[in-house]
Each structure stands twice: as C-alpha cells, then as structure tokens.
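Data block below; observations after.
The values are calculated or read from the model by the stated rules, or taken from the named source; none is laboratory data. Because the structure is a prediction, the values reported are computed rather than measured. Methodologically, a virtual Cβ is constructed for each residue, glycine included, from the backbone with ideal geometry; neighbour enumeration extends over all protein chains shown.
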Amino acid sequence: MINKFTKFKIFLIFLVFVVCIYGICVRLYNYQIVEHEEIVESSMRKTMLTYTQNASRGTIYDRNGVPLVSNEMSFQVVFDYYFWEKDRQNEVILQLCAIMAETEHSFTDTLPITLTAPYSFTVADANNKYYSQLMDFVSEQKDWGENLNANEIMKKLIEKYDIADTYTNAEKRTIVGVRYDMENKGFSSYSPYIFAENVPIETISKISEASMFFPGVTINEVETRAYRTIHAAHILGRVGSIWKEEWDEYKEKGYSMNDIVGKDGAEKAFEEYLRPIDGTLGIETDIDGFSTGMTTLDDPQPGKDVYLTIDIGMQAVAEKALVDVTEQIKEKSKFNKNGAGHDAAGGACVVIDIDTGEVLAMASSPTYNLETFNADYNDLYNDPLTPMLNRTIGGLYPPGSIFKMVSALASLEEGIVSPYTEIKDEGVYRYYAPSYTPACWVWNDYRRTHGSINVSEAIKYSCNYFFYETSRIMGIDTLNSYAKKLGLGQKTNIELSGELKGRLAGPENRDESNPWQPGETIQAAIGQSEHQFTPIQLASYISTLINGGTRYQTHLLKSVKSYDGKETYVDNNVSVIDTVEVSEESLEAIKRGMLGATTDDGTASSVFADYPIKVGGKTGSAQTKRGSSAHGTFLSFAPYDDPEIAVCVIIEHAGSGGAVAPVVREVYDYYFGLE
C-alpha cells in the first residue's frame, strides 16, 4: 500500500517533469517564433564568409576612341600581417630581394639614400616627396637628434630594425629600404604591404616553389593599369596607393586604405569617374566548413570610361617634332650668328580647337615612360632638363613678339590707330631720349628700318618701333586690360594639377620700392619686360582672338560613358568663360599681318611659303639670361579663311621663332592629312 509520503514524492516528480516540459516548450516557442529572425541572422553571420569582388578602373580613350590606358591582370607580391613572422622578417626580405635580383625585377624602395656606403642622399630637396617623407619620418623618431646626414640615418635605421652585423653593408641597405617603406606605408592587420607589383610569372614561380620559406608572403592576381601608348605621359598620369598624408581626404570619400587612386594627370583629374567600387561576395558554409551557397551582397561597380579631347596621333607627331626640331636647331647653330640655338633644350606644343576650347595635343619635351616611371624616378628627378615638368601648364616663358597681337588689338579697338594708319619706323625710338633709346630689331641687326608701315605690316615684319609708339599712347593699363580679357596672366583652369598663373608685366605686380616706369610699357608691348605665360595660356589667347573674341574653357574632358557604352554621363563639355570685343575690321587687320608672316618675305615664310593650305602665324624671340640663346616662340592658326585650330610652340633657347615653326608645320601636316 502506497503511503502518503510516497504519493507526495510521485507528485513532486510529476510536477518537476511538467515544469521542465513547459520550460522546454517555452524555449522552443521563443526560438521558433519570437526569436526566429534574430537567430537565423546570427546563424548566417557565423557561417558566412565575405570576399571582395574587385571592380575594374575605367578606361581612358582619346577623342577617336583609341584606348590609351586600360587594365590587365598582373601579379603582386604582398606581405600578410597575420602570418608575418617578425623574428624572421629580415631574413625573409633578403631572400625575396635575392630572387627579384635574379629575375631583374624591381621591388619597392622609396628610401632616398644611395645603395652603397659611404651613404648620401640621392636627392636632398624638400620639394621631393621621398626626401620630405624621410625627413618627416626622422623627425617623428625619439632621441634621434636633428640635422642627421645619410650615414647617420642609415645607422639609426639599422639599429631600429635590429639588423645583425653578420649582414654585409649592401644587404643591410636592402633590408632597411624595405623595412622603412613597410613602416612608412602603415603595414598592419588592416593594411597589407605590397612588396612588388607587375611581377613576371618567372619570378612568381620561383617564389611559389620556395613558399614554405616565406611565411606571410602571398601572391595576388590583380588588375593593374596597362599603358597602350608611349605618348602623352604628362597628360595621362599615374595611379598608386593612398599615401599617409592623403588618407584623411580619401577616407571621407569612402575609400579604403588599400584602394588605388590617381596620382597626377588625367588619372587624378578624373578620379571621380574612373574610380571603381568593389563588391562583396558572401559564401555560406555549414558547420563542417563546406560551402552551401553563394550570395552577392554588394554588386561591384566598374569605373566609368573617360574620353579625352586629345588626338593621340597628333600628340605623337607633336612630341616627335619637338625632339627632332630641337636637335636640328642645335645642329644648325654651328652656322648661325653667335651660335644662336646651340643651347636649345626643352619645349612645349599646345593645339586647341578654336571653336570649343578642346585640347587636341599638349606635348612637353623631354618626356618620360609611364611604364618605367618608378624605376626611373631618381634619374628623372635629377635630370637638369626636368622631364617630369609638364611645360605646357607648368612652364613660364616670356612670350616675345607673339604678344604683339594683343598690342595690335588694343591699339585698334581703342582708336589709337586704324587698320590703315602708318607709323614711320625711324630705327631708334627717341621719345625717352637721352636716358632710354630702344631700337627696332631690324636696326640692331642690319642698321635699317621698316619705313612707314601699318598695323598688319608691323605684325608681318614684327616691327618693334610701331608698337613702341602705340603702346606709349595707350598706356600699360589699357594694354593689360585686353591681355586679361584674352586670358593672359591667369590660369586657364584646365583639369590637370600643376598649372601656373603666369604674370602680366605692369604696376599691379610692383611694390612702392620699385614703381612702374612709363618707358617699361613699350617693352611690355613687344612681349618683353616681366611677362611670363604658360604655353596653354598663349594657345588659348590666340584661339580667343582668332575666333572673334569668345574665350572657351580650355579642357581635356570630352565625354564620360559607362563601361559598356550604354550610358553617357558627360558629353560635349564646352563652356564660355569670357568674351572680348573684337571688331571684324580689327580682326581682319591682325589676320592679314599673321598671313603675311607666313608668306612673301614674312618672318616665317621660309617654312610656309610653299604650303598648300593658307595659315596665319607669328614668330617671337624672347630674351632670357645673358649668354643664353633667346627662346623661340610661335603662334599660328589654320586654315586662314575658316580657322579651326590654333597652335602654340615654344622651344627653350631655340634662338628665334622661325626656328621652331617646323613643329607647327608637322602638326598641320597631320591635321590636314598631308603626311
């Protein structure tokens, strides 16, 4: 017989059982109903691996659809922080560098110190990015001291990176170069270090075969920029990793630290269009790690394609012509009076569409190879001819007589002269005598004068005396008001970085200790004095004048399209930024003078006398420092009766404007199909 105590125990057990069942039911209800979505999401997070889907950077084309910069697959050697063995890193770096040396492929080394002892700086210029980075790096180190020389910095770096004495000096320098660059670029768990790019397959094979000796070294297959032309280096520009000092700016725009961005040229100017947005791919795995599905979390967005206004064929012709004509000038200098042109050096050529402001070509000489830029950097930087300088926008030159069309326009529009007014050239200008008696060039060279001539003839024969007189009457303020309207002494605001403003000679650029004198105006009127302009400003000025006074925005961007060509985001990027009053009578008088310069006995007739297309032109010889040949300058437009393009050419120390005119003829040959 079951007693009461036994019954109670059974009841208690039953109660506990019921409570447990109830609790289980409640938990199951919560899991399956109340917390279902949260648990599923949590489960997915735990079993979802995400991978970056790289998107392609946009392609750069010329105006005719010729690809200039695109993408191709290549290999990178990368250091992965998670698997990087710090206690062996010096050994690993040295072994990797040995393999690179075997296959003659370069690796990243931005330390501006020579490779052999005794050490010295490869460049010691605060404007050099690598030198300034090193100085910033040194200043951040505690107890290193100040004003260290290259040997002292090397000693500090060897100590900092714990490089054993058993290594040779050459090996120490190799390790220091890589370790310094790793630190400078923030090698960390969120920022892998790219040791070498565009690595050939032979090198990759050697590294892969010895991978067990290289912990933390990975091979990435990535898209890199492929240059489809050897021309237009200053226009196209380069891409690269985000520098430490740039990070704050790019971070705000949504970039990741490992993104590649444009560094200069069109790559930088049109970064907003060319930039790709990487996607994210999610791979689901079960509890055993096997893939159960794949999901695109964010679609990759390729960069947009950018079409430039330049014609790469014309660009190639301009670049070659600058080099060829410079060499011809130097060769002919042996037969010139006083050897003029013996020191001919760099130069620039800019071609602009008169009716749109589109830049068809902008060649700067000497130039460089984008493919080998990093390897060539130190040589390029130390080259006295400064090949990295884009002379078309960053070179400042006195214009010489190609400024005389400004003086002609001002004198005509202000009524100082009419197209038929004649002024007698007396050789020596005596208005400011006896203290100041400048002479016309024809007097200085041949002791004769141009006689009585009008404004067209003054342009044709480049008569200084005529413009001395008209500019004295009008004054510097009037003269400069027209120069400004034509765009001189101010940036064109072309999209490329590095453009200089230039300088108009005149009282506004002087202080009280050096006031402007009236006699200086007549030198400014013939393009001397303190005038300093860029070739692109000069090309824009003559375009504005010849098209009748409309100053278009000078630009390189023609259109922007989607990678598949189905959508257009920018098209016919043409805008007017200013106008200047140019009467038809004044314009025709100036054009007649420029036609005369290329025909009959004009200053450029030897180059264009037999040319099948009528062109207008003006030569200039801009004086430079004593002992150097004058810069040769030339402005031109064609065809004469219905102008389409304008050309500016400058060759440093060419001796005369006529000497550089053959470059313009080469450009016209290409444009009009006369090759």
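Please count how many residues of the stretch 637-675 are hydrophobic (A, V, I, L, M, F, W, C) and touching a Phe, Trp or Tyr at 6+ places or on another chain (Cβ under 8 Å). Adding up the residues that qualify gives 12. Scanning the stretch 216-251 for residues that are of a type in the set (Ser, Thr, Tyr) and either more than 19 Å from the chain's Cα centre (by Cα) or at pLDDT 90 or above (or both) yields a total of 4.
In the set (1) buried (at least 22 other Cβ atoms within 10 Å of the Cβ); (2) farther than 29 Å from Thr421 by Cβ; (3) at pLDDT below 95, Thr603 fails one condition alone, (2). So which of Ser636, Ser606 ends up being assigned to a helix (DSSP H, G or I) and either within 27 Å of the chain's Cα centre (by Cα) or farther than 24 Å from Leu486 by Cα (or both)? Only one candidate qualifies: Ser606.
With the requirement that a residue be crowded, with 19+ Cβ neighbours inside 10 Å and at pLDDT below 95, what does the stretch 609-621 give you? Once the filter is applied, which keeps residues that are crowded, with 19+ Cβ neighbours inside 10 Å and at pLDDT below 95, the stretch 609-621 yields only Ser621.
Is it true that Ser132 is assigned to a helix (DSSP H, G or I), under 26 Å from the mean Cα position of the chain (by Cα) and not assigned by TED's automatic domain parsing to the domain that holds Met388? Judged against the criteria, Ser132 is a match.
Can you tell me which residue is surrounded by the fewest Cβ atoms within 10 Å (Cβ to Cβ) among those in the stretch 456-481 that are among the aromatic types (Phe, Trp, Tyr) and within 14 Å of Ile416 (Cα to Cα)? So, considering only residues that are among the aromatic types (Phe, Trp, Tyr) and within 14 Å of Ile416 (Cα to Cα), the one surrounded by the fewest Cβ atoms within 10 Å (Cβ to Cβ) is Tyr468. Inside the stretch 509-562, residues that are among the charged types (D, E, K, R), in contact with a Pro (Cβ under 9 Å, 6 or more places away or on another chain) and within 23 Å of Asp311 (Cα to Cα) make up a count of 0.
Glu588 falls short on exactly one of the conditions (1) within 24 Å of the chain's Cα centre (by Cα); (2) surrounded by fewer than 22 Cβ atoms within 10 Å (Cβ to Cβ), and that condition is (1). From the list Ser529, Ser540, the one residue that fits, being under 33 Å from the mean Cα position of the chain (by Cα), under 24 Å from Tyr461 (Cα atoms), in the same structural domain as Glu413 (by TED's automatic domain parsing) and part of a helix (DSSP H, G or I), is Ser540.
Here are Tyr377, Tyr420, Tyr429, Tyr446: which of them is within 28 Å of Asp600 (Cα to Cα), at pLDDT below 95 and not aliphatic (A, V, I, L, M)? Exactly one residue qualifies, and that residue is Tyr446. In the stretch 563-580, the count of residues that are part of a helix (DSSP H, G or I), surrounded by 16 or more Cβ atoms within 10 Å (Cβ to Cβ) and under 22 Å from the mean Cα position of the chain (by Cα) is zero.
Working only within the stretch 155-169, note down all residues that are in a loop (DSSP other than H, G, I, E, B) and of a type outside the set (Gly, Ala, Ser). Passing the criteria: Tyr161, Asp162, Ile163, Asp165, Thr166, Tyr167, Thr168. Evaluated against (1) touching a helix residue (DSSP H, G or I) at 6+ places or on another chain (Cβ under 6 Å); (2) outside any helix (DSSP H, G or I), Lys501 falls short on exactly one condition, (1).
Identify, by number, the condition in (1) closer than 21 Å to Ser656 by Cα; (2) of a type outside the set (Asp, Glu); (3) touching a helix residue (DSSP H, G or I) at 6+ places or on another chain (Cβ under 9 Å) that Lys334 doesn't meet. Single failed check for Lys334: (3). For Gly487, the stated conditions do not hold, so it cannot be described as at pLDDT below 95, in the same structural domain as Val350 (by TED's automatic domain parsing) and either assigned to a helix (DSSP H, G or I) or surrounded by 15 or more Cβ atoms within 10 Å (Cβ to Cβ) (or both). Which pairs do you get when a residue that is outside the structural domain of Ser586 (by TED's automatic domain parsing), found in the stretch 412-426, comes within reach of a residue that is at pLDDT below 95, reach meaning Cβ atoms under 9 angstrom, with the pair 6+ apart or on two chains? Hits for this filter: zero, empty list. Only one entry in Thr633, Thr603, Thr598 is farther than 26 Å from Thr554 by Cβ, assigned by TED's automatic domain parsing to the domain that holds Ile526 and in contact with a Phe, Trp or Tyr (Cβ under 8 Å, 6 or more places away or on another chain), namely Thr603. Filtered by the rule that a residue be among the hydroxyl-bearing types (Ser, Thr, Tyr) and either part of a helix (DSSP H, G or I) or out of contact with any His (no Cβ under 8 Å at 6 or more places or on another chain) (or both), the stretch 317-366 gives Thr326, Ser333, Thr356, Ser365. Tell me, which residue of the stretch 103-129 that is in contact with a helix residue (DSSP H, G or I) (Cβ under 7 Å, 6 or more places away or on another chain) and not in a loop (DSSP other than H, G, I, E, B) is surrounded by the most Cβ atoms within 10 Å (Cβ to Cβ)? Among those residues, the one meeting the criterion is Ile113.
Within the stretch 639-675, the set of residues being within 24 Å of the chain's Cα centre (by Cα) and acidic (Asp, Glu) comprises Glu652 only. When Lys625, Lys618, Lys591 are checked against the criterion of being basic (Lys, Arg) and part of a loop (DSSP other than H, G, I, E, B), a single residue qualifies: Lys625. Scanning the stretch 442-471 for residues that are in contact (Cβ under 8 Å) with a residue 24 or more places away in the chain, part of a helix (DSSP H, G or I), over 30 Å from Ile577 (Cα atoms) and not acidic (Asp, Glu) gives Ala458, Lys460, Tyr461, Asn464, Tyr465, Phe466, Tyr468.
Taking the stretch 260-283, which residues are closer than 12 Å to Val560 by Cβ and in contact with a helix residue (DSSP H, G or I) (Cβ under 8 Å, 6 or more places away or on another chain)? The answer is Ala266, Leu274. When Gln53 is tested against the conditions (1) out of contact with any Phe, Trp or Tyr (no Cβ under 7 Å at 6 or more places or on another chain); (2) within 30 Å of Asp299 (Cβ to Cβ); (3) surrounded by 12 or more Cβ atoms within 10 Å (Cβ to Cβ); (4) at pLDDT 75 or above, the lone failure is (4).
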